[in-house]
Amino acid sequence: MICGKALARKSVQSCDGWLFAKRSLANAGSQQAVNVLVRTCVSSATYVLRLLRVGAAEHSANQAQPVTAERIAIAPGDVAALKACIQADYLDRCYIITGQICDGVYDDNCYFADPTVSFSGLQTWQRNLQLLVPFLEQPSLELLGLEELPVASAGEPGIKAQWKLQTYLKLPWRPFIDVLGTTLYTLNDDATKVVKHVEAWNISGLQALQQVLTPSALRSTQQ
């Protein structure tokens, strides 16, 4: 009788475990589908804006006056100098707002990623930045922290930035964007170039898309 009860308990536990695993897989599948949907929406919007040549003037102007690594003269292993360039991108150039970056410190095939999109190529990233510039209204970019990561913890040379972006978008419903972000800059072996630029946000890609689609007037009443 005791043996039968034990077997019954094991059966129930196995069933519960199977149901939990099934739900987890379903949730994971749903999340993957959401991620694909968000990335598809962002990629499609970016493609349309490129066709309309939105940001083309800003891109041409910035290409005509690049801030290159040669002017800064970064020596191999001089992470402090590279960190200073990145700091200037936030404090002096406000790169997310202006589309202007110290492009000389990035590898031409640098990998870029955030919760909505990922790709390789410095010029593609520059074009994507400059696509946003005409849509920003009353933007602010705040650098909250910038630190060099020990090689032992990062696995390779790296720099981490923490920042906050707030802006309205020049769309008919005037959405308000509010994002806290962290960017991990992975450097090459001699620490003269950024080879990976990966952003993490305090919101998901779907939540970011919801911010874009929500009128600022409606959002203020919900807070």
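The values are calculated or read from the model by the stated rules, or taken from the named source; none is laboratory data. Owing to the predicted nature of the structure, the values given are computational and were not obtained by experimental measurement. Ideal geometry is used to build each Cβ from the backbone, glycine not excepted, and the neighbour counts take in all protein chains shown.
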Inset, instruction - Please find, among Ala191, Ala161, the residue that is of a type in the set (Gly, Ala, Ser) and either under 17 Å from the mean Cα position of the chain (by Cα) or exposed (fewer than 15 other Cβ atoms within 10 Å of the Cβ) (or both). - result: Ala161
Inset, instruction - For the range 136-177, name all the residues that are of a type in the set (Ser, Thr, Tyr) and in contact with a strand residue (DSSP E or B) (Cβ under 7 Å, 6 or more places away or on another chain). - result: Ser140, Thr167, Tyr168
Inset, instruction - Consider Gln87 carefully, then state whether it is at pLDDT 95 or above and either part of a helix (DSSP H, G or I) or touching a strand residue (DSSP E or B) at 6+ places or on another chain (Cβ under 7 Å) (or both). - result: yes
